[in-house]
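First the structure, in the form of structure tokens, and then the observations on it.
The values are calculated or read from the model by the stated rules, or taken from the named source; none is laboratory data. Computed from a predicted model, the values in this text were never measured in an experiment. Here Cβ is always computed from backbone atoms with ideal geometry, including for glycine, and neighbour counts include all displayed protein chains. For the accessible areas, the whole protein counts, side chains as well, though only heavy atoms, and no ligand, DNA or RNA atoms are used. Shrake-Rupley method; radii C 1.70, N 1.55, O 1.52, S 1.80 Å.
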Amino acid sequence: MEYLFELSGEQPKLAKAEVKALIEAYQVEYKIREELTNLLIIKTNDKLEKSFFKRLGYTHSVLKHITSAKKLNDVLKDIENISSNKKFCVRAKRIKNNLKKISAKEAEERIGAIIKGPIDLENPKKVFKLFLTDQNLVFGEQIIKINRKEYRKRKPHKRPFFKPGAIKPELARACINLTRVRDGAILDVFSGTGSFLIEANDMDISSVGVDASLKMLKGSKKNQKLTKNKKNSLILADSRKTPFKPHSFEAIIADPPYGRSSTVYGDISDLYNQTIREALRNLKKGGYLCFISPKEGVDLKVDTNEIERYKVRVHRSLTRIIRVIRRRSSEL
Ligand SMILES: C[S@@+](CC[C@H](N)C(=O)[O-])C[C@H]1O[C@@H](n2cnc3c(N)ncnc32)[C@H](O)[C@@H]1O
């Protein structure tokens, strides 16, 4: 089976990376079939569950990939035998002004005329989608549309407790997914307003939040009411010296303060380096740390097994570097 992921254009690299990381977390064998602008097609013999798709932050929908072609006529030939016993509709979506010579409306009508079954544009029970991207027409049947309205409801400024610098739900989910956490608990060592804890809750992952500020912990507790499952605890502690037994966590997130704008308990470089050392002590063998830092100005001295790095523009003037670090088995 081939799965087609329709990705958000907001963070294209991160969108693909989180899908791949999550597939690893679920220990699914797969091959990348195609990577296009805002689309990722993977081939696997395993069935991916809805709970898997619902974890994704930067995916709009997931489809069963049916065909890809350079010309509309070729797509039409490939789908000659498709039928639907449920009411269906066809939607064509142009990605970044690609293939302008093909009319999306005409493509929808011609495909709709070939698929056998009842068409219902208002209330379809099945949705077929055609994407026009990178000189390719990619066609599939939708398995799930991710309910991104829920993410919008939990945007930082809509939460009961808000502080500038709080992480958006989509980014929080992507970072959690990059840690490849599946059933274990995730530790957030700078939990702040609780952005990662809220999303971990929603993803059914238990979490522990640490912050050196009691005010932040109290605010974060209020924010936890935004999601149903409450499998988290909050601890007043210093990220450099946490009260956990070594190797207690499968995954750790660290979104440290960036200097003047937020409260810094100690020298910023020391804080970063000592936090990474402590996180490596807290991680299980093979566990992952997702470390977020500003673009410049911090000298990371700890020798780590960094496996991935992404540059994310949070808004016009703020760029963050997201590092994924894997604890080596030799690390104490
Ligand atoms: C950038 S904010 C985290 C934002 C958080 N990810 C969110 O979305 O709200 C950094 C947090 O680290 C906390 N902090 C600063 N120094 C700390 C330390 N040494 N140990 C633990 N927390 C610390 C601050 O109180 C602040 O809440």
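Brief remarks follow.
- Among the residues here, residue 178 qualifies as closer than 28 Å to residue 285 by Cβ and away from the ligand (no atom under 14 Å from the Cβ).
- Some residue of the range 146-162 being open to solvent by 50 Å² or more (accessible area, probe 1.4 Å), within 13 Å of the ligand (Cβ to nearest atom), over 24 Å from residue 322 (Cβ atoms) and without any contact (Cβ under 8 Å) to a residue 24 or more places away in the chain: no
- Residue 186 meets each of the listed conditions (1) within 12 Å of the ligand (Cβ to nearest atom); (2) open to solvent by less than 60 Å² (accessible area, probe 1.4 Å) apart from (1).
- The condition (being open to solvent by 60 Å² or more (accessible area, probe 1.4 Å) and part of a strand (DSSP E or B)) is satisfied by just one residue among 93, 13: 93.
- Among (1) under 30 Å from residue 286 (Cβ atoms); (2) open to solvent by less than 20 Å² (accessible area, probe 1.4 Å); (3) in contact with a helix residue (DSSP H, G or I) (Cβ under 7 Å, 6 or more places away or on another chain), the one test that residue 168 misses: (2)
- Complete set of residues in the range 289-313 that are part of a strand (DSSP E or B) and among the small types (Gly, Ala, Ser): 293
- Any chance residue 321 is outside the structural domain of residue 17 (by TED's automatic domain parsing), under 18 Å from residue 181 (Cβ atoms) and in a strand (DSSP E or B): no
- Residues located in the range 210-222, provided they are under 21 Å from residue 274 (Cβ atoms), part of a helix (DSSP H, G or I) and near the ligand (Cβ under 8 Å from one of its atoms): 216
- Filtering the range 113-138 to residues that are open to solvent by 40 Å² or more (accessible area, probe 1.4 Å) and of a type in the set (A, V, I, L, M) leaves 113, 114, 119, 121.
- Some residue of the range 128-141 being in a strand (DSSP E or B), over 20 Å from residue 38 (Cβ atoms) and of a type in the set (D, E, K, R): no
- Check on residue 171, under 17 Å from residue 19 (Cα atoms), hydrophobic (A, V, I, L, M, F, W, C) and within 13 Å of the ligand (Cβ to nearest atom): yes
- Filter pass, residue 279 being open to solvent by less than 30 Å² (accessible area, probe 1.4 Å) and either more than 20 Å from residue 328 (Cβ to Cβ) or touching a Gly at 6+ places or on another chain (Cβ under 8 Å) (or both): no
- Residue check for residue 298: out of contact with any Lys or Arg (no Cβ under 7 Å at 6 or more places or on another chain), away from the ligand (no atom under 12 Å from the Cβ), of a type in the set (A, V, I, L, M) and at pLDDT below 95: yes
- With respect to the conditions (1) in the same structural domain as residue 166 (by TED's automatic domain parsing); (2) more than 22 Å from residue 213 (Cα to Cα), residue 331 falls short on a single one, namely (1).
- In the range 193-209, residue nearest to residue 233 (Cα to Cα) [restricted to those that are touching an Asp or Glu at 6+ places or on another chain (Cβ under 7 Å) and within 11 Å of the ligand (Cβ to nearest atom)]: 209
- Taken together, 192, 184 contain a single residue that is in a loop (DSSP other than H, G, I, E, B) and on the phi > 0 side of the Ramachandran plot, which is 192.
- Any hit, the range 193-211, residues being in the same structural domain as residue 310 (by TED's automatic domain parsing), buried (at least 19 other Cβ atoms within 10 Å of the Cβ), over 20 Å from the mean Cα position of the chain (by Cα) and not hydrophobic (A, V, I, L, M, F, W, C): yes
- Scanning the range 221-260 for residues that are farther than 22 Å from residue 181 by Cα and small (Gly, Ala, Ser) yields 237, 259.
- Considering the range 223-243, and only residues there that are in a loop (DSSP other than H, G, I, E, B) and within 13 Å of the ligand (Cβ to nearest atom), the residue that is most open to solvent (accessible area, probe 1.4 Å) turns out to be 243.
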